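Colleague: Structure below; questions to follow.
The values are calculated or read from the model by the stated rules, or taken from the named source; none is laboratory data. Bear in mind that the values here come from a model prediction, so they are computed numbers and not experimental data. Reconstructed Cβ throughout: ideal geometry from the backbone, glycine too, with neighbour counts over all protein chains shown. Accessible surface is based on the protein model in full, side chains and every heavy atom, while ligands, DNA and RNA are left aside. Shrake-Rupley method; radii C 1.70, N 1.55, O 1.52, S 1.80 Å.
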Amino acid sequence: MKVRLISAVAATVLATGAQAATEIVVATVNNRQMIEMQKLTPVFEKANPDIKVKWVTLEETVLRQRLTTDIATGGGQFDIMTIGMYEVPLWGKKGWLKEIKTDANYDIDDLLPGIRGGMSYEGKLYSAPFYGESSFTMYRKDLADKAGITMPEQPTYKDVANFAAKVNDPANGIYGICLRGKPSWGENMAYLTTLVNVHGGQWFNMEWKPQVDTKPWHDAIGFYVDLMTKYGPKGASANGFNENLNLMAGGKCGMWIDATSAAGSLSDPKFSKIADTVAFAKAPIAVTEKGKGYSWSWGLSIPKSTKKEAAAQKFINWATSKDYVKLVADTDGWITVPTGNRKSTYAYPEFQKVSRFGAMELKAIEAVDVHDQTLPKSPYQGVQFAGIPEFQAIGTAVGQEISAAL
(Lines give C-alpha, C1' and ligand atoms only; values in the text may rest on other atoms or scores of the structure.)
Protein backbone atom coordinates (compact mmCIF):
# COMPACT_ATOMS: atom_id res chain seq x y z
CA MET A 1 0.00 0.00 0.00
CA LYS A 2 2.81 2.39 0.96
CA VAL A 3 4.66 1.66 -2.30
CA ARG A 4 1.53 2.27 -4.38
CA LEU A 5 0.88 5.56 -2.51
CA ILE A 6 4.43 6.79 -3.10
CA SER A 7 4.18 5.82 -6.77
CA ALA A 8 0.89 7.68 -7.10
CA VAL A 9 2.39 10.82 -5.52
CA ALA A 10 5.44 10.59 -7.79
CA ALA A 11 3.21 10.22 -10.84
CA THR A 12 1.21 13.26 -9.81
CA VAL A 13 4.39 15.33 -9.36
CA LEU A 14 5.70 14.24 -12.76
CA ALA A 15 2.40 15.02 -14.45
CA THR A 16 2.24 18.43 -12.81
CA GLY A 17 5.81 19.18 -13.85
CA ALA A 18 5.07 18.21 -17.43
CA GLN A 19 2.13 20.59 -17.53
CA ALA A 20 3.94 23.55 -15.89
CA ALA A 21 4.15 26.54 -18.20
CA THR A 22 7.45 28.09 -19.20
CA GLU A 23 7.66 31.61 -17.76
CA ILE A 24 9.47 34.23 -19.81
CA VAL A 25 10.40 37.63 -18.39
CA VAL A 26 10.02 40.60 -20.75
CA ALA A 27 11.71 43.92 -19.89
CA THR A 28 10.21 46.89 -21.70
CA VAL A 29 9.80 50.66 -21.67
CA ASN A 30 6.67 52.29 -20.26
CA ASN A 31 5.48 53.73 -23.58
CA ARG A 32 1.83 53.40 -24.57
CA GLN A 33 2.51 50.87 -27.34
CA MET A 34 4.28 48.53 -24.93
CA ILE A 35 1.55 48.88 -22.32
CA GLU A 36 -0.92 47.88 -25.05
CA MET A 37 1.20 44.82 -25.81
CA GLN A 38 1.16 43.89 -22.14
CA LYS A 39 -2.63 44.28 -22.07
CA LEU A 40 -3.02 41.94 -25.06
CA THR A 41 -0.65 39.28 -23.72
CA PRO A 42 -3.55 37.03 -22.51
CA VAL A 43 -4.42 36.51 -26.20
CA PHE A 44 -0.94 35.07 -26.74
CA GLU A 45 -1.10 33.00 -23.56
CA LYS A 46 -4.46 31.54 -24.51
CA ALA A 47 -3.06 30.43 -27.86
CA ASN A 48 0.11 29.18 -26.15
CA PRO A 49 -0.96 27.72 -22.77
CA ASP A 50 2.54 26.33 -22.22
CA ILE A 51 4.00 29.86 -21.98
CA LYS A 52 3.40 32.52 -19.32
CA VAL A 53 4.68 36.06 -19.73
CA LYS A 54 5.96 38.16 -16.83
CA TRP A 55 6.47 41.88 -17.43
CA VAL A 56 9.05 44.29 -16.06
CA THR A 57 8.01 47.75 -17.28
CA LEU A 58 10.40 50.62 -16.56
CA GLU A 59 10.98 54.27 -17.38
CA GLU A 60 13.27 54.60 -20.41
CA THR A 61 16.50 55.68 -18.70
CA VAL A 62 16.13 53.12 -15.89
CA LEU A 63 15.36 50.37 -18.41
CA ARG A 64 18.52 51.09 -20.37
CA GLN A 65 20.67 51.03 -17.25
CA ARG A 66 19.17 47.74 -16.04
CA LEU A 67 19.46 46.02 -19.41
CA THR A 68 23.01 47.19 -20.08
CA THR A 69 24.16 45.97 -16.68
CA ASP A 70 22.36 42.64 -17.00
CA ILE A 71 23.56 41.76 -20.48
CA ALA A 72 27.15 42.91 -19.91
CA THR A 73 27.42 40.72 -16.80
CA GLY A 74 25.42 37.80 -18.17
CA GLY A 75 22.94 38.26 -15.33
CA GLY A 76 20.13 36.37 -17.04
CA GLN A 77 17.27 38.27 -15.39
CA PHE A 78 15.38 38.69 -18.66
CA ASP A 79 14.39 36.45 -21.55
CA ILE A 80 13.31 39.30 -23.84
CA MET A 81 14.76 42.81 -23.82
CA THR A 82 13.35 45.93 -25.44
CA ILE A 83 16.30 47.70 -27.05
CA GLY A 84 16.91 49.89 -30.08
CA MET A 85 19.16 50.90 -32.94
CA TYR A 86 21.94 52.05 -30.64
CA GLU A 87 22.32 48.78 -28.75
CA VAL A 88 21.59 46.20 -31.47
CA PRO A 89 24.73 46.53 -33.65
CA LEU A 90 27.00 47.00 -30.61
CA TRP A 91 25.56 44.06 -28.67
CA GLY A 92 25.26 41.93 -31.79
CA LYS A 93 28.97 42.46 -32.49
CA LYS A 94 29.83 41.38 -28.94
CA GLY A 95 27.78 38.19 -29.31
CA TRP A 96 25.38 39.17 -26.53
CA LEU A 97 22.19 38.57 -28.55
CA LYS A 98 20.58 35.56 -30.18
CA GLU A 99 19.56 35.90 -33.82
CA ILE A 100 15.81 36.35 -34.31
CA LYS A 101 14.30 33.31 -36.02
CA THR A 102 11.10 34.31 -37.79
CA ASP A 103 8.34 31.79 -38.45
CA ALA A 104 6.69 30.94 -41.77
CA ASN A 105 3.95 33.60 -41.41
CA TYR A 106 6.20 36.45 -40.30
CA ASP A 107 6.97 38.02 -43.71
CA ILE A 108 10.33 39.54 -42.86
CA ASP A 109 10.46 41.34 -46.20
CA ASP A 110 7.49 43.44 -45.05
CA LEU A 111 9.76 45.22 -42.56
CA LEU A 112 10.84 48.69 -43.65
CA PRO A 113 14.40 48.28 -45.03
CA GLY A 114 15.97 51.09 -42.98
CA ILE A 115 14.39 49.83 -39.77
CA ARG A 116 15.33 46.22 -40.48
CA GLY A 117 18.90 47.25 -41.29
CA GLY A 118 19.22 49.22 -38.07
CA MET A 119 18.08 46.22 -36.04
CA SER A 120 20.59 43.89 -37.69
CA TYR A 121 24.31 43.18 -37.53
CA GLU A 122 26.19 41.73 -40.49
CA GLY A 123 22.88 41.01 -42.21
CA LYS A 124 21.36 39.05 -39.33
CA LEU A 125 18.27 40.32 -37.48
CA TYR A 126 19.03 40.59 -33.76
CA SER A 127 15.95 42.57 -32.73
CA ALA A 128 12.43 42.31 -34.16
CA PRO A 129 11.10 45.87 -34.65
CA PHE A 130 7.99 46.47 -32.56
CA TYR A 131 7.62 50.00 -33.84
CA GLY A 132 9.86 52.50 -35.63
CA GLU A 133 10.06 56.25 -35.81
CA SER A 134 11.65 59.36 -37.13
CA SER A 135 10.73 62.78 -35.73
CA PHE A 136 8.56 65.66 -36.85
CA THR A 137 6.70 68.75 -35.69
CA MET A 138 3.34 68.36 -33.95
CA TYR A 139 1.28 71.48 -33.30
CA ARG A 140 -2.20 72.71 -32.48
CA LYS A 141 -3.77 74.06 -35.64
CA ASP A 142 -6.55 75.75 -33.69
CA LEU A 143 -3.97 77.90 -31.90
CA ALA A 144 -2.17 78.58 -35.16
CA ASP A 145 -5.40 79.74 -36.80
CA LYS A 146 -6.25 81.92 -33.82
CA ALA A 147 -2.80 83.57 -34.00
CA GLY A 148 -2.98 83.94 -37.77
CA ILE A 149 -0.02 81.60 -38.38
CA THR A 150 0.34 79.24 -41.32
CA MET A 151 2.82 76.52 -40.54
CA PRO A 152 4.90 75.59 -43.61
CA GLU A 153 5.27 71.91 -44.47
CA GLN A 154 9.00 72.37 -43.89
CA PRO A 155 9.40 74.73 -40.94
CA THR A 156 12.64 76.39 -39.88
CA TYR A 157 13.60 77.00 -36.29
CA LYS A 158 12.74 80.66 -36.89
CA ASP A 159 9.19 79.47 -37.66
CA VAL A 160 9.24 77.42 -34.46
CA ALA A 161 10.30 80.38 -32.32
CA ASN A 162 7.69 82.63 -33.97
CA PHE A 163 4.93 80.07 -33.37
CA ALA A 164 5.93 79.51 -29.74
CA ALA A 165 5.97 83.24 -29.04
CA LYS A 166 2.56 83.88 -30.56
CA VAL A 167 0.64 81.02 -28.96
CA ASN A 168 2.32 81.12 -25.53
CA ASP A 169 -0.40 81.76 -22.94
CA PRO A 170 0.75 80.43 -19.55
CA ALA A 171 -1.99 82.35 -17.72
CA ASN A 172 -4.45 79.97 -19.39
CA GLY A 173 -2.25 76.90 -19.00
CA ILE A 174 -0.89 76.82 -22.56
CA TYR A 175 2.84 76.88 -23.23
CA GLY A 176 4.25 77.85 -26.59
CA ILE A 177 6.39 74.76 -26.92
CA CYS A 178 7.29 71.53 -25.10
CA LEU A 179 10.65 69.83 -25.68
CA ARG A 180 12.58 67.14 -23.86
CA GLY A 181 14.61 68.28 -20.86
CA LYS A 182 15.09 65.07 -18.84
CA PRO A 183 18.82 64.26 -18.85
CA SER A 184 19.90 61.11 -20.69
CA TRP A 185 21.54 60.20 -23.99
CA GLY A 186 18.18 58.78 -25.10
CA GLU A 187 15.98 61.55 -23.67
CA ASN A 188 17.03 65.20 -23.97
CA MET A 189 20.11 64.39 -26.06
CA ALA A 190 18.06 62.49 -28.64
CA TYR A 191 16.21 65.68 -29.52
CA LEU A 192 19.16 68.01 -28.92
CA THR A 193 21.48 66.04 -31.20
CA THR A 194 19.08 66.66 -34.10
CA LEU A 195 19.01 70.36 -33.15
CA VAL A 196 22.83 70.40 -33.22
CA ASN A 197 22.85 68.52 -36.54
CA VAL A 198 20.70 71.10 -38.32
CA HIS A 199 22.83 73.92 -36.92
CA GLY A 200 25.79 72.32 -38.70
CA GLY A 201 27.28 70.50 -35.70
CA GLN A 202 28.39 66.98 -34.81
CA TRP A 203 29.59 65.02 -31.78
CA PHE A 204 33.06 64.22 -33.16
CA ASN A 205 35.03 65.24 -36.25
CA MET A 206 36.86 62.73 -38.43
CA GLU A 207 39.83 62.78 -36.01
CA TRP A 208 37.44 61.86 -33.17
CA LYS A 209 37.93 65.24 -31.55
CA PRO A 210 34.86 66.26 -29.49
CA GLN A 211 32.95 69.18 -31.04
CA VAL A 212 30.71 70.20 -28.13
CA ASP A 213 32.52 73.52 -27.66
CA THR A 214 32.05 74.74 -31.24
CA LYS A 215 29.81 77.45 -32.70
CA PRO A 216 27.06 75.06 -33.94
CA TRP A 217 26.70 73.62 -30.43
CA HIS A 218 26.65 77.07 -28.83
CA ASP A 219 24.06 78.25 -31.37
CA ALA A 220 21.84 75.19 -30.93
CA ILE A 221 21.93 74.92 -27.14
CA GLY A 222 21.67 78.68 -26.69
CA PHE A 223 18.57 78.70 -28.89
CA TYR A 224 17.05 75.77 -26.97
CA VAL A 225 17.60 77.21 -23.49
CA ASP A 226 16.31 80.64 -24.55
CA LEU A 227 13.24 79.17 -26.28
CA MET A 228 12.32 76.93 -23.37
CA THR A 229 12.97 79.61 -20.76
CA LYS A 230 10.60 81.99 -22.54
CA TYR A 231 7.88 79.66 -23.81
CA GLY A 232 8.31 76.21 -22.20
CA PRO A 233 6.49 74.73 -19.19
CA LYS A 234 7.85 75.05 -15.69
CA GLY A 235 9.95 72.10 -14.60
CA ALA A 236 10.82 71.24 -18.21
CA SER A 237 14.20 69.83 -17.15
CA ALA A 238 12.31 66.82 -15.74
CA ASN A 239 10.22 66.19 -18.87
CA GLY A 240 11.03 63.33 -21.22
CA PHE A 241 9.01 61.72 -24.01
CA ASN A 242 6.11 60.47 -21.88
CA GLU A 243 5.78 63.65 -19.83
CA ASN A 244 5.62 65.79 -22.97
CA LEU A 245 3.19 63.36 -24.60
CA ASN A 246 0.82 63.81 -21.67
CA LEU A 247 1.24 67.60 -21.70
CA MET A 248 0.58 67.79 -25.43
CA ALA A 249 -2.39 65.40 -25.29
CA GLY A 250 -3.81 67.44 -22.43
CA GLY A 251 -3.79 70.61 -24.52
CA LYS A 252 -0.98 72.24 -22.55
CA CYS A 253 1.52 72.64 -25.42
CA GLY A 254 1.19 74.67 -28.57
CA MET A 255 3.93 72.67 -30.29
CA TRP A 256 6.08 69.62 -29.70
CA ILE A 257 9.00 68.35 -31.80
CA ASP A 258 9.55 64.66 -31.11
CA ALA A 259 9.10 61.09 -32.29
CA THR A 260 6.59 60.31 -35.04
CA SER A 261 5.37 57.39 -32.89
CA ALA A 262 3.56 59.94 -30.71
CA ALA A 263 1.22 60.91 -33.54
CA GLY A 264 -1.17 57.98 -33.08
CA SER A 265 -1.63 58.78 -29.40
CA LEU A 266 -2.23 62.47 -30.11
CA SER A 267 -4.77 61.55 -32.79
CA ASP A 268 -6.67 59.15 -30.52
CA PRO A 269 -9.74 60.87 -29.01
CA LYS A 270 -9.78 58.31 -26.18
CA PHE A 271 -6.41 59.65 -25.03
CA SER A 272 -5.95 63.12 -26.49
CA LYS A 273 -7.93 66.33 -25.96
CA ILE A 274 -6.47 67.74 -29.18
CA ALA A 275 -7.18 64.76 -31.46
CA ASP A 276 -9.30 66.90 -33.80
CA THR A 277 -6.91 69.84 -33.96
CA VAL A 278 -3.40 68.36 -33.90
CA ALA A 279 -1.48 68.91 -37.15
CA PHE A 280 1.90 67.76 -38.41
CA ALA A 281 4.86 69.21 -40.29
CA LYS A 282 8.39 68.02 -41.04
CA ALA A 283 11.15 68.25 -38.44
CA PRO A 284 12.54 71.81 -38.42
CA ILE A 285 15.75 72.85 -40.16
CA ALA A 286 18.28 75.64 -39.62
CA VAL A 287 21.52 76.01 -41.63
CA THR A 288 21.03 72.50 -43.04
CA GLU A 289 18.38 69.80 -43.08
CA LYS A 290 20.87 66.97 -42.53
CA GLY A 291 20.15 64.99 -39.40
CA LYS A 292 16.85 66.72 -38.68
CA GLY A 293 14.87 63.54 -37.96
CA TYR A 294 15.49 60.57 -35.69
CA SER A 295 16.11 57.07 -36.92
CA TRP A 296 14.96 54.71 -34.18
CA SER A 297 13.11 51.52 -33.51
CA TRP A 298 12.15 49.82 -30.27
CA GLY A 299 12.56 46.10 -30.85
CA LEU A 300 12.36 42.83 -28.95
CA SER A 301 15.64 40.95 -28.53
CA ILE A 302 16.76 37.75 -26.86
CA PRO A 303 19.87 37.89 -24.65
CA LYS A 304 22.39 35.11 -24.99
CA SER A 305 21.92 34.29 -21.28
CA THR A 306 18.31 33.08 -21.62
CA LYS A 307 17.46 29.44 -21.00
CA LYS A 308 14.05 29.84 -22.66
CA GLU A 309 14.91 30.79 -26.22
CA ALA A 310 12.12 28.80 -27.93
CA ALA A 311 9.37 30.44 -25.88
CA ALA A 312 10.96 33.87 -26.32
CA GLN A 313 11.18 33.43 -30.10
CA LYS A 314 7.52 32.41 -30.21
CA PHE A 315 6.40 35.51 -28.28
CA ILE A 316 8.50 37.86 -30.43
CA ASN A 317 7.08 36.36 -33.63
CA TRP A 318 3.59 37.05 -32.29
CA ALA A 319 4.17 40.58 -30.95
CA THR A 320 5.88 41.94 -34.08
CA SER A 321 3.70 40.24 -36.69
CA LYS A 322 1.13 41.56 -39.16
CA ASP A 323 -1.49 39.61 -37.21
CA TYR A 324 -0.61 41.58 -34.08
CA VAL A 325 -1.24 44.85 -35.93
CA LYS A 326 -4.70 43.58 -36.87
CA LEU A 327 -5.32 42.45 -33.28
CA VAL A 328 -4.58 45.96 -31.95
CA ALA A 329 -6.81 47.48 -34.64
CA ASP A 330 -9.66 45.14 -33.81
CA THR A 331 -9.26 45.75 -30.07
CA ASP A 332 -8.69 49.49 -29.82
CA GLY A 333 -8.95 50.91 -33.33
CA TRP A 334 -6.56 51.56 -36.21
CA ILE A 335 -5.29 54.82 -34.73
CA THR A 336 -3.59 52.84 -31.93
CA VAL A 337 -1.61 50.33 -34.04
CA PRO A 338 2.21 50.29 -33.82
CA THR A 339 3.70 51.97 -36.86
CA GLY A 340 7.10 52.52 -38.42
CA ASN A 341 8.07 48.87 -38.64
CA ARG A 342 5.97 47.30 -41.45
CA LYS A 343 5.18 48.53 -44.95
CA SER A 344 1.81 46.77 -44.92
CA THR A 345 0.48 48.88 -42.05
CA TYR A 346 0.54 52.01 -44.19
CA ALA A 347 -1.30 50.23 -47.03
CA TYR A 348 -4.43 49.42 -45.02
CA PRO A 349 -7.29 51.70 -46.16
CA GLU A 350 -8.59 51.68 -42.56
CA PHE A 351 -5.30 53.08 -41.30
CA GLN A 352 -5.10 55.66 -44.08
CA LYS A 353 -8.60 56.83 -43.25
CA VAL A 354 -7.91 57.63 -39.60
CA SER A 355 -4.28 58.67 -39.95
CA ARG A 356 -3.45 62.22 -41.00
CA PHE A 357 0.21 61.60 -40.22
CA GLY A 358 0.90 58.19 -41.79
CA ALA A 359 2.26 59.30 -45.16
CA MET A 360 4.48 61.96 -43.57
CA GLU A 361 5.77 59.52 -40.97
CA LEU A 362 6.65 56.93 -43.61
CA LYS A 363 8.46 59.50 -45.76
CA ALA A 364 10.39 60.78 -42.73
CA ILE A 365 11.54 57.27 -41.80
CA GLU A 366 12.50 56.38 -45.37
CA ALA A 367 14.40 59.65 -45.89
CA VAL A 368 16.92 59.06 -43.11
CA ASP A 369 20.50 58.12 -43.99
CA VAL A 370 22.28 57.12 -40.78
CA HIS A 371 25.63 57.28 -42.60
CA ASP A 372 25.19 60.90 -43.76
CA GLN A 373 23.55 62.76 -40.89
CA THR A 374 25.81 65.77 -40.32
CA LEU A 375 26.94 68.70 -42.47
CA PRO A 376 30.64 68.00 -41.87
CA LYS A 377 31.56 64.35 -42.37
CA SER A 378 31.40 62.29 -39.16
CA PRO A 379 33.18 59.04 -38.24
CA TYR A 380 30.17 57.52 -36.46
CA GLN A 381 26.82 56.04 -37.48
CA GLY A 382 23.55 57.36 -36.08
CA VAL A 383 21.36 60.45 -36.24
CA GLN A 384 20.34 61.30 -32.68
CA PHE A 385 23.26 59.41 -31.16
CA ALA A 386 26.82 58.41 -31.99
CA GLY A 387 26.96 54.66 -32.49
CA ILE A 388 29.94 53.92 -30.25
CA PRO A 389 29.90 52.06 -26.90
CA GLU A 390 31.14 55.12 -24.99
CA PHE A 391 28.26 57.32 -26.12
CA GLN A 392 25.84 56.06 -23.47
CA ALA A 393 28.05 57.65 -20.80
CA ILE A 394 29.15 60.67 -22.86
CA GLY A 395 25.66 61.58 -24.02
CA THR A 396 24.17 61.29 -20.54
CA ALA A 397 26.95 63.43 -19.01
CA VAL A 398 26.37 66.18 -21.58
CA GLY A 399 22.60 65.82 -21.14
CA GLN A 400 22.95 66.44 -17.42
CA GLU A 401 24.90 69.64 -18.05
CA ILE A 402 22.28 70.94 -20.49
CA SER A 403 19.41 69.96 -18.21
CA ALA A 404 21.10 71.89 -15.43
CA ALA A 405 21.43 74.92 -17.72
CA LEU A 406 17.72 74.68 -18.55
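Colleague: Would you mind telling me which residue in Gly132, Gly114, Gly173 has the biggest mean-square fluctuation in a Gaussian network model of the chain, where springs connect alpha carbons within a distance under 10 angstrom?
Modeller: Between Gly132, Gly114, Gly173, it is Gly173 that shows the largest mean-square fluctuation.
Colleague: Heavy atoms of the protein only, probe of 1.4 Å, neighbouring chains included. What is the accessible area of His199 in Å², nearest 10?
Modeller: For His199, the solvent-accessible surface is approximately 30 Å².
Colleague: Let me ask something else. Order the following by accessible area, largest value first: Leu179, Leu247. Probe radius 1.4 Å; ligands, DNA and RNA are ignored.
Modeller: Leu247, Leu179
Colleague: So, in nm, how far is label Ala171 from label Lys230 when the simple model puts each one 7 Å beyond its Cα toward the Cβ?
Modeller: Placing both labels 7 Å along Cα→Cβ, they lie 1.9 nm apart.
Colleague: Follow-up question, since we're still on this one. In the range 137-258, how many lysine pairs have Cα atoms under 19 Å apart, counting only pairs 8 or more places apart or on different chains?
Modeller: Going through the range 137-258 pair by pair, I get 16.
Colleague: What number, in percent, do you get for the relative contact order of the chain if the mean sequence gap of Cα pairs under 8 Å and at least 6 apart is divided by its residue count?
Modeller: Worked out over the chain, it gives 26 percent.
Colleague: Got a sec? What order do Val287, Val43, Val196 fall in by accessible area at 1.4 Å, biggest, i.e. largest, first?
Modeller: Val287, Val43, Val196
Colleague: Mind checking the per residue accessible area of the chain for me, 1.4 Å probe, whole number of Å²?
Modeller: For the chain, the per-residue accessible area is 43 Å².
Colleague: Pop the C-beta distance of Gln352 and Ile149 into the FRET formula with R0 = 22 Å and round what comes out to the nearest 0.05.
Modeller: E(calc), rounded to 0.05, equals 0.20.
Colleague: Could you order Glu122, Glu366 so the one with the most accessible surface comes first? Probe is 1.4 Å.
Modeller: Result of the area sort, largest leading: Glu122, Glu366.
Colleague: Just the accessible area for Arg66, please: 1.4 Å probe, Å², rounded to the nearest 10?
Modeller: Surface open to solvent at Arg66 totals about 90 Å².
Colleague: While we're on this one: Name the residues whose placed amide hydrogens come within less than 5 Å of the amide hydrogen of Lys52, ignoring near sequence neighbours (fewer than 5 apart) on the same chain.
Modeller: Amide H neighbours of Lys52: Thr22, Glu23, Ile24.
Colleague: Ser237 accessible area, nearest 10 Å², 1.4 Å probe?
Modeller: Counting only protein heavy atoms, Ser237 exposes about 50 Å² to solvent.
Colleague: Taking the Cα centre of the range 49-122 as origin and charging only Cβ (+1 Lys, Arg; -1 Asp, Glu), how large is the dipole, in debye to the nearest 20?
Modeller: 340
Colleague: Do any trypsin sites (Lys or Arg not before Pro) in the range 186-268 lie in a loop, going by DSSP, with at most 10 other beta-carbon atoms within 10 Å of their beta carbon, and if so which?
Modeller: In loop regions of the range 186-268 (DSSP not H, G, I, E or B), the sparsely surrounded trypsin sites (Lys or Arg not before Pro) are Lys234.
Colleague: Roughly to the nearest percent, how much of the accessible area of the range 94-147 is carbon and sulfur, given a 1.4 Å probe?
Modeller: C and S fraction of accessible area: 44 percent.
Colleague: What 222 nm value per residue comes from the helices of the chain, counting each DSSP H run with n ≥ 4 as -39,500 (n - 2.57) and dividing by all residues, nearest 500 deg cm²/dmol?
Modeller: After summing the helix terms and dividing by the residues of the chain, the value is -13000 deg cm²/dmol.
Colleague: With angles folded into 0 to 90 degrees, how steeply does helix 322-332 sit against the dominant principal axis of the chain? Use alpha carbons for both and round to 10.
Modeller: Tilt of helix 322-332: around 70 degrees.
Colleague: List the residues whose amide H sits under 5 Å from the amide H of Gly340, counting only those 5 or more places along or on another chain, with H placed 1.01 Å from N in the peptide plane.
Modeller: Distant-sequence amide H within range of Gly340: Gly132.
Colleague: From the backbone phi of the range 181-198, what are the Karplus-calculated ³J(HN,Hα) couplings (6.51 cos²θ - 1.76 cosθ + 1.60, θ = phi - 60°) in whole Hz, Gly and Pro given as x?
Modeller: Karplus values, whole Hz, x for Gly and Pro: x, 5, x, 4, 4, x, 10, 5, 6, 4, 5, 5, 5, 5, 5, 5, 3, 6.
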